[in-house]
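Colleague: Handing you a structure now.
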Amino acid sequence: MNQNKLPADPLSLILGILALVIGIAGCCCYGITAIIPLAMAIIGLVAANRSLREFGENPEAYNPQSRSNVNTAKIINIIAIVLNGLVFLIAIGVLAIYGTLLSSAVLDGLDNGDFEGDDYYYESEYDTTIEPENSDVWEDDTYIIEEELDSINLDSVQ
């Protein structure tokens with residue numbers, strides 16, 4: 001009655017723990033990096049299921065503690081798959097939304113012809129350097145504008 005460990009006893013447990021740690025640490029930076037721990041968790045789950053199948057075929061040959069470790073590894077790997085799968089799907093969704101917004105902005109710009117090489121947004125719409133031909137009118141307009149500003153200031157004080 002020599003009882004051995006299951007083949008995936010240390011492997012699936014290590015892969016599950018690493019997938020959880022890398023997935024949780026990596027989701028803060030980039031969600032796309034969740035593909036690596038997702039693959040690790042899938043490999044760990046497949047190895048755990050294969051070992052549990054072997055234990056079911058010949059339970060006398062393996063240690064029951066090893067079966068308990070593989071069951072724990074299976075649960076950890078399932079949790080890692082769910083967590084990393086959600087992070088990956090959210091990252092793909094965010095990239096799809098930003099890609100759609102960016103492409104629609106580029107297409108709108110191409111349709112409107114807004115991609116000019118000059119400083120279009122910094123140019124003034126009205127050219128204020130042109131003075132009227134009659135300087136008396138210019139002085140009268142200036143006087144009226146100053147008078148309106150004084151009345152606005154007086155009204156705002158009251």
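Colleague: Roughly what would the spin-label model give for residue 46 and residue 58, points 7 Å off Cα along C-beta, in nm?
Modeller: 2.3 nm
Colleague: Search the structure for amide H atoms under 5 Å from the amide H of residue 62, placed 1.01 Å from N in the peptide plane, and list their residues when 5 or more places away or on another chain.
Modeller: Residues meeting the amide H criterion: 4.
Colleague: Working out 0.36 nm times the residue gap between residue 94 and residue 82, then minus their Cα-Cα distance, what length gain in nm do you get to one decimal?
Modeller: 2.5 nm
Colleague: Output ³J(HN,Hα) for the stretch 59-72: one whole-Hz value per residue in order, computed from phi by the Karplus curve 6.51 cos²θ - 1.76 cosθ + 1.60 with θ = phi - 60°, and x for Gly and Pro.
Modeller: Per-residue couplings from phi come out as x, 6, 7, 10, 6, x, 5, 5, 5, 5, 5, 5, 4, 4 Hz.
Colleague: Just add up the charged neighbours of residue 4: K/R +1, D/E -1, any other residue whose Cβ is under 11 Å from the Cβ of residue 4.
Modeller: Computed value for this residue: -2.
Colleague: Label-point separation (nm) for residue 72 and residue 107, each offset 7 Å from Cα along Cα-to-Cβ?
Modeller: 5.4 nm
Colleague: Let me ask something else about it. Putting +1 on Lys and Arg Cβ atoms and -1 on Asp and Glu Cβ atoms, find which of 103, 46, 36 reaches farthest to the positive end of the dipole of the stretch 9-112.
Modeller: Most positive-ward Cα: 46.
Rule-based calculations on the coordinates, nothing more; no lab input. Not measured: the values here are computed from a predicted model. Neighbour counts are summed over all protein chains in view; Cβ atoms, including those assigned to glycine, are modelled from backbone coordinates with ideal geometry.
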